[in-house]
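Note sheet for the following structure.
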Amino acid sequence: MKTNYFIIGEITKPQGVRGELKLRPITCDLGRFEDLETVLMKRGETYVPVNITVNRINDDAVFFNMEGINDRDAAERMRGEFLYVDREHAVELDEDSTFLSDLIGLRGLTDDGRDLGKLNDVMQPGGNDVYVFNGPLGEVLVPALKIVVERVDLEEGVMHLVGARLNEVAVFEDSEAIR
């Protein structure tokens, strides 16, 4: 279901003594940090803008300074905080792409009448993503393949799936469900 805010990283630790922070990115596109100057931090139910300066980007970390964080002690207090962007400042997706967070909560329905229940997780084992549905058929693992996913309707809240293909590639908790 559509969300207005996206987590882009988690502050893991201070880096040095002058307030620099190390961030574990939670995004597929590290390039999104290159020109990033403002992020959001969640305070209660409110998202507060914070100015940052990105210093360098590695394969698995982003090092940056945050306005008002000038020493190691202040940086230490930021450990475990998440950084967000709003939908307006999120990376642009291809026409056929969807943010994973928008998929969570969709109902899985097949063209042969089966209800897979609610999409609770998207696993990313490498290669294809795997959708994890929980519902009347128990847990069902569905590879994110175009031959299986007929279409995604975010407005309707439904992922439409091809039942025959699903039988070939999905993993069903209950083997009776494929009949």
Point to revise | Residue that is nearest to the chain's Cα centre (by Cα), among those in the range 8-19 that are crowded, with 16+ Cβ neighbours inside 10 Å and closer than 16 Å to Thr38 by Cα | key: Ile8
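Show me the strands (runs of 3 or more DSSP E) found entirely inside the range 24-82 where at least 3 residues are open to solvent by 70 Å² or more (accessible area, probe 1.4 Å). Full working, then the answer.
Details: elements: 38-43, 46-57, 62-66.
The strands (runs of 3 or more DSSP E) meeting that bar are 46-57.
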Check your understanding: Quick check, is Val140 in a strand (DSSP E or B), closer than 28 Å to Gly9 by Cα and under 21 Å from the mean Cα position of the chain (by Cα)?
Key -> no
Revision key, fill the gap. Considering residues that are within 19 Å of Leu40 (Cβ to Cβ), charged (D, E, K, R) and surrounded by 15 or more Cβ atoms within 10 Å (Cβ to Cβ), the number found within the range 87-123 is 1
Practice item. Give the number of residues within the range 143-157 that are part of a strand (DSSP E or B) and open to solvent by 90 Å² or more (accessible area, probe 1.4 Å). Key: 2
Point to revise | The one condition in (1) free of Cβ contacts under 8 Å to residues at least 12 places away in the same chain; (2) under 16 Å from the mean Cα position of the chain (by Cα) that Gly127 fails to fulfil | key: (2)
Check your understanding: Residues Leu109, Leu116: which one is part of a strand (DSSP E or B) and in contact with a Ser or Thr (Cβ under 8 Å, 6 or more places away or on another chain)?
Key -> Leu116
Practice item. Determine if the range 126-134 includes at least one residue that is open to solvent by 30 Å² or more (accessible area, probe 1.4 Å), at pLDDT below 95, farther than 24 Å from Thr3 by Cβ and among the small types (Gly, Ala, Ser). Key: yes
Check your understanding: Is it true that Leu166 is under 25 Å from Cys28 (Cα atoms), open to solvent by less than 30 Å² (accessible area, probe 1.4 Å) and touching a residue at least 40 places away in the same chain (Cβ under 8 Å)?
Key -> no
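Go through the range 84-103 and report how many residues are of a type in the set (D, E, K, R), closer than 17 Å to Glu155 by Cβ and assigned to a helix (DSSP H, G or I).
Taking the range 84-103 as the starting set, the residues that turn out to be of a type in the set (D, E, K, R) are 86-88, 92, 94-96, 102.
Next, from what is left, pick out any that are closer than 17 Å to Glu155 by Cβ: 87, 95-96, 102.
The next check asks that each one be assigned to a helix (DSSP H, G or I); those that pass are 87, 102.
So the answer is 2.
Take the conditions touching a Ser or Thr at 6+ places or on another chain (Cβ under 8 Å) and farther than 30 Å from Gly163 by Cβ and apply them to Ala61. Does it pass?
Working: touching a Ser or Thr at 6+ places or on another chain (Cβ under 8 Å): yes; farther than 30 Å from Gly163 by Cβ: yes.
When the stated conditions are applied, Ala61 passes them.
The values are calculated or read from the model by the stated rules, or taken from the named source; none is laboratory data. Keep in mind it's a predicted model, so treat the numbers as computed, not measured. No Cβ is skipped: glycine too gets one built from the backbone with ideal geometry, and neighbour counts run over all protein chains shown. Surface areas here come from the heavy atoms of the whole protein model, side chains and all, with no ligands, DNA or RNA. Shrake-Rupley method; radii C 1.70, N 1.55, O 1.52, S 1.80 Å.
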